Structure formats: C-alpha cells, structure tokens
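Below you'll find the structure, written out as structure tokens, and then a few comments.
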Amino acid sequence: MAESTTKQRPLTGWDKPELDLSNAQWQSSSRGLGDVQIAFVEGFIAMRNSARPESPSLIFTPAEWGAFVSGAREGEFDLT
C-alpha cells in the first residue's frame, strides 16, 4: 500500500466538519440532571443545550473531550 503524501493535522476550531446531527442519539447525564446533552457522531462528540436543541452544537475531538471531562472532574469550571 502506498504511503499517503497528504499530512494529517489536528482538527481545531473552524476546521471541524459539519456533522449531520439530525439522527444523533442524544444522551443526558446518568441522573437526568443538567441542561446539556451529548452525542457520539462519526468519531466526534457533539454537545448541545437540551433546553434549546435547535441552537448550534459544540463539536469536540476525542482529545478535546477528554481534556474537557478531566477539567470538569478537577473543578476547573466550578464557580468560586
């Protein structure tokens, strides 16, 4: 198999694909609390406001999602 000459670079910001979220299976937290839902679509993680599902969703790469979850667990986003 020939080696690709196209270099892969990380997807960041506006480089992320436009995902079709119309058939996404949105999930709430295990306790059903909170205002966000997530869906796993085409290797990415989408997050939306459950109170306004028509508003734009945030799209994360797996690495970005991991960093976000780690930060949340460590209290990075807690109000002080």
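The values are calculated or read from the model by the stated rules, or taken from the named source; none is laboratory data. Computed from a predicted structure; not experimentally measured. No Cβ is skipped: glycine too gets one built from the backbone with ideal geometry, and neighbour counts run over all protein chains shown. Keep in mind that these areas ignore ligands, DNA and RNA; they rest on the heavy atoms of the full protein, side chains included. Shrake-Rupley method; radii C 1.70, N 1.55, O 1.52, S 1.80 Å.
A few remarks follow.
- Subtracting the Cα-Cα distance of Leu21 and Thr61 from 0.36 nm times their residue separation leaves 12.9 nm of extension gain.
- For the set Arg52, Arg73, the ranking by accessible area, highest first and with no ligand, DNA or RNA atoms included, is Arg73, Arg52 under a 1.4 Å probe.
- Cβ-defined net charge surrounding Leu58, 11 Å radius [Lys, Arg +1; Asp, Glu -1]: +1
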